[in-house]
Amino acid sequence: MNARKIVAPTLLGLLILALSLTTIRAAAADDWTVVFEEDFTGAGLPSTAGWDVIEGTGYPGGPQNGFGTDEIETMTRSTENIRRQDGFLRITPLRDAQGRWTSGRAETKADYKPADGAAMRMECKLAMPDVHGEDAKGYWPACWALGATQRTQRWDWPASGEPDLAESVNGVNRNWSTLHCGYAAQWGGPCAEPVGLSNGGVAPETGDLWGQQHLYAFEWDRSGSEDVMRWYLDSKQVHTVRQSQVPADVWASLSDHAGYRLILNVAIGGQFPAALGGGPTQATRPGVPMLVDYVKIAYRGTGASPSPSATTSPSPTTPTPTPTPTPTPTVSASSTPTPSDCAPAPTPTTTAPPSIDPKQTAVIEAENYATQQGVRSADGAIEASNGDSVAYDLDFGSQEKKSLVARVASGISDGSSALVEVRLDSATAAPIGSFSVGSTGGWRSYRDIPANVAATTGRHRVYLTFKSVGDTPALAVDKFVFGVTPAVQW
């Protein structure tokens, strides 16, 4: 997450306007009936009565590259990654001596949906990991929800719907409230995928999201003439999506199913962190947990609330050492990475990435470099290992270029990842952008990875530098292209 991640939640309403953050109770004042509540007392993994702890790098039968969002961690059931302690759920990303990241992910067993004429509210009170600056590069914590059809139809994102309650990356003190929706495996469309219908990131009125407890809530209100979804940060409404904003078939696709399961996770790397500065890097600090105080789901309004459906997800792929987490289509150069933990990925191809926009640089074939150190040519691409670099003489023109899309593949099988950093005029200059890549499923399984870069004009020698674990090849690069339009607007 991201599993953009994207690829999320539905929450509840206005019950806390008169209460302080420390005494928020979903029910009393506004007649909410709580149907699921978890305060994470006790020890060990989350209770099996209400939660599935997800393992691996993707759902069975679904995208297997970071749940479709190019995350690089492997989810585990280790209590070092996910456990109850001191009244919190601690989800802690860790990096081992070989550079492999692991983390935790918990999902409610049941799906939740308001009846006609009623409303549903989901809320999470949590502190994002207490990391900032370079220490935070690549962190992607989230509390979000995913439509019930995703339990069996692994490739129908974003049609299944995904509300994101709490989602931020790289230590940025802004929370993105988003609804992902639209047509399966299609970018653009009525929901502007893969970015989704988002508020563009909002800072809290006081304090920092990273390391401090805040309340995140989502409400699905079906009591009026049309459905309305609302998002809240510390009781302040920060985003709204109405049924009338999208075509009727799109709304039906995200609402005419059993409901939504709530998900808590911390991803590492992926499309969203790459769009906001990249990571993880060697400076990223492992071992800093997201602390979840509680989650609560409640119904309000006339008409019986539907019983939550306890259709437990099949356990995802058992954790192999190859990180990959949630449904998202492969991001092409003409698309925009999703700020969510979930998005579908089509069958890899070896065609050149499509244009980001008409003002892009020419598509650069990776083997047509000016200089190189350590890289090897391989089937029309280059293979790179830790410490390698390659340089290209490029003219960015007079209009600023702000994005990069690279077509890359990796067959690494030890669960580690490669960091690609983009530098100008020197292999040791400060990076203007970066992205991380785990296994894509094989050395011929190419994917388009988008990242934002610092605005650049004019002629430069452009260096790609590579960092990974060990001396064996970690990444193959086929082509890349720079464009005027940022890979993600935020």
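Quick grid of which residues meet (1) more than 23 Å from Gly99 (Cα to Cα); (2) acidic (Asp, Glu):
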{"position": "Ser377", "(1), (2)": "yes, no"}
{"position": "Gly387", "(1), (2)": "no, no"}
{"position": "Asp425", "(1), (2)": "yes, yes"}
{"position": "Pro450", "(1), (2)": "no, no"}
{"position": "Thr465", "(1), (2)": "no, no"}
{"position": "Thr485", "(1), (2)": "yes, no"}
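Taking the options Thr322, Thr338, Thr326, Thr318, name whichever one is modelled with pLDDT under 50, over 30 Å from Gly200 (Cβ atoms) and surrounded by 19 or more Cβ atoms within 10 Å (Cβ to Cβ). Spell out the reasoning first.
Numbers: Thr338 fails: over 30 Å from Gly200 (Cβ atoms); Thr326 fails: over 30 Å from Gly200 (Cβ atoms); Thr318 fails: surrounded by 19 or more Cβ atoms within 10 Å (Cβ to Cβ).
Step by step, each of Thr322, Thr338, Thr326, Thr318 is checked, and only Thr322 is modelled with pLDDT under 50, over 30 Å from Gly200 (Cβ atoms) and surrounded by 19 or more Cβ atoms within 10 Å (Cβ to Cβ).
Scanning segment 139-178 for residues that are more than 21 Å from Met122 (Cα to Cα) and at pLDDT 95 or above yields Tyr139, Val169, Asn170, Gly171, Val172, Asn173. Being among the small types (Gly, Ala, Ser), surrounded by 24 or more Cβ atoms within 10 Å (Cβ to Cβ), under 26 Å from Ser47 (Cα atoms) and assigned by TED's automatic domain parsing to the domain that holds Ser255 holds for only one residue in Ala148, Ala110, Ala136, Ala142, and it is Ala142.
Considering segment 128-181, and only residues there that are β-branched (Val, Ile, Thr) and in a loop (DSSP other than H, G, I, E, B), the residue that is nearest to Val266 (Cα to Cα) turns out to be Val169. The strands (runs of 3 or more DSSP E) found entirely in segment 362-423 that carry 2 or more residues being among the polar types (S, T, N, Q) are 371-373, 401-410. Scanning segment 459-473 for residues that are basic (Lys, Arg) and under 21 Å from Gly269 (Cα atoms) returns a single hit, Lys467.
Counted as qualifying within segment 196-267 are the strands (runs of 3 or more DSSP E) with 2 or more residues that are more than 18 Å from Met128 (Cα to Cα), of a type in the set (A, V, I, L, M) and modelled with pLDDT of 95 or more, namely 228-233, 236-242.
The values are calculated or read from the model by the stated rules, or taken from the named source; none is laboratory data. Given the structure is predicted, the values throughout are model-derived calculations rather than measurements. Here the Cβ is made from the backbone with ideal geometry for all residues, glycine too, and neighbour counts use every protein chain on show.
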